[in-house]
Each structure stands twice: as C-alpha cells, then as structure tokens.
Amino acid sequence: MLKKIFIALLCLVFTGTSAFAAFSAKTFAAAKKRNPKDGIIVYFYGPDWDVRSTKMLKTLWESSEIKNACGDASMLSVPVYQEPNEKQKKNAKAIREGMKVPHIFSYPAIVMFTEEGEKYYILQGDEIFEDKAEVAETIKAKLKLFRERKAILKKAERAKGVEKAKLYGDALLEGIEPPANALKIIKASDPKGETPYAKRLEFDVFKLLTDQTYKDPDKPDKVLIKPDAAVALVTKLAIEDETTYLPEQRQELLACCAAYLRRLDKTDSRIKMLHKKILEIDPDSIWADFVKDSEARWLGVEKKKDKKEKRRKRK
C-alpha cells in the first residue's frame, strides 16, 4: 500500500501536477462547505439558448488545463435559463442557494468568489472565447492576486493601530479590496484620517475641491475654492504625490479640476497640463476617454482613431 502511494506521489512530481487540485461541487452551498483555500470559481452558461457555452462546459470548463489553473478552489457550473420550466427553476435555485449573483454582461462567464461567497473577479464573453491556455493563465493570475490579498489581510488582522491602517492602505494601492468592515477598523486605528489608507477609502473629489465641505445651502459661506487654489491642491495631491491616492482617484481629481477650469475659461493653458498627466497615469482608462472627448468637443482637437477601428475599415 505504501509503495503505491509513493509511486503516485512520484507521478505527481514528474508530471508537474499539484496534489491539491481543484474539486467539483454540485451546489454553491456544497462548494462553501469544503472551505476551499482558493475560493469558489463558477462557470455560468445558457443551456437552453447558448449552444456554444453549453459545449464549452466540456471542452473548456471540465478540461484538465482549467482544473489545474483553478488551484485549490471549488468549481461549480450554474445554468442560466432563458425561459425555464418549473423543473429547471427548481434546479437552478438549488444550485445557486446562498449565492449573490453579480451582474453579468455577457455569457458564458466565469465568476470567482471568496470562501465566504464575495465576488472578486469576473471573466466573460470574449475573454472566455480566447485560447484555452490564455484563459487558464488569466485564472492563475487572478488567483495569485487573491492569495496575496489573503496574506496581506491576514497580516493586517493581527496588526494593531496605525500599522493595521498602513497594511490595509498598501493592499488597496495594489488593487486588493479591503474587508467590508475596513472603514470601521480604520476609524478606530486612525481617528484623524491621516494615513494614506484613510484618505483613499474616504476619497471624495467634491469635498477636496471645496472649502472643507459640500456646497451646502445651509452653509452658504462654504463655496468652491478659487481656480488657482484648486490647481495647486490637485498638483500636490495627484501629481507631486503618487502614493497616497489610487491611480484612478488621481485621474478623477485631475479631470474634475480640468472641467472646473474649462467652465471658467476653456483657453486656460493649465487644462492641457492636467489632461497630459491623466494620459500619463493610464492612457486606457475612462478618464483618458474624458480627455479625448473634452479636447475634441471644447478645444477643437481631432480625436485620434483607434488602430482596431482603422483595421475594421480596411477590411
């Protein structure tokens, strides 16, 4: 018996396969009971209206490549019926019991949940129609981030005071979502809101660009700060300091300041400077789209055509 176990372990070593492979579950409740280290990964497909996603249940979802990519997760497949009969409704309800289904724009979709059932990533539509190896690599990358998140949050749970706040802040800067009760925790450890984490969590562009508060009708003395002061503040928070706020928060500050200046004087030369910095931070974000639209609409700058659009026109 021992000899057989030893041979089996040797086979695992030489084939490069993990001894702790993902395991299948029939319901969401059953998946949670297994207490999977890498959470619960769910494949949503349309059995009565999407032939392709139903076929992919076998060709993709149940393939060894995807199973290996899922690490130590529970794997679950969930049918999404278009016009379900009573039996199908009952079946779907039993499978999804206890699951908070997020909004999905395109099927098939792969949704990753934490062990507790909180969503942390979605792949959908075209992302899943890619090469199987690419889908597997994407899953591995997202699981790696998930494991890092768990390690940082576990360390933060043991920490106290400002050190706890710092760890949560570092996690958020890396794109790792903090726990739902993080704000309450941070308030206790950082009551003055001086750590970067507190500032990121309570980020409010309107409060930052006004005199301490919203333009409240009950407080008429509190008004928008002057343009020069707004530019100075945004330069300090979003350009000179690259670590306190998240990249998208810095872009939002820059965009709001640019819009504020534009309303007063669209020829203000500082608008271009703010736009340039937005594009430097992330040229593919929604704030970068804001820059292109704003310059085309208000400054008469012709929008550069996307390379993909050019290719489509050539065909």
Looking at this model, which pairs from Lys100/Lys207; Lys89/Lys150; Lys67/Lys150; Lys93/Lys184; Lys100/Lys160 are more than 27 angstrom apart at the alpha-carbon?
Lys100/Lys207; Lys89/Lys150; Lys93/Lys184; Lys100/Lys160
Which order, highest average first, do 67-75, 147-155 follow once you tally other Cβ atoms within 10 Å for each residue and take the mean per peptide?
67-75, 147-155
Report, in whole Å, the centroid distance computed from the Cα atoms of the range 228-243 and the range 93-147.
37
Most packed first (mean Cβ within 10 Å per residue), the peptides 287-296, 90-99 order as 287-296, 90-99
With a ≥ b ≥ c the root eigenvalues of the C-alpha gyration tensor of the range 19-143, is it rounded (a/c under 1.5), prolate (a/b larger than b/c) or oblate?
oblate
Taking only C-alpha pairs under 8 Å that are 6+ residues apart, what is the relative contact order of the range 18-91 in percent?
48
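Laboratory data are not the source of any read-out in this text; all were calculated from the coordinates shown. A quick note: this is a predicted structure, and the numbers were derived from the prediction, not measured. Using ideal geometry, Cβ is built from the backbone for each residue, glycine included, and neighbour counts are taken over all protein chains shown.
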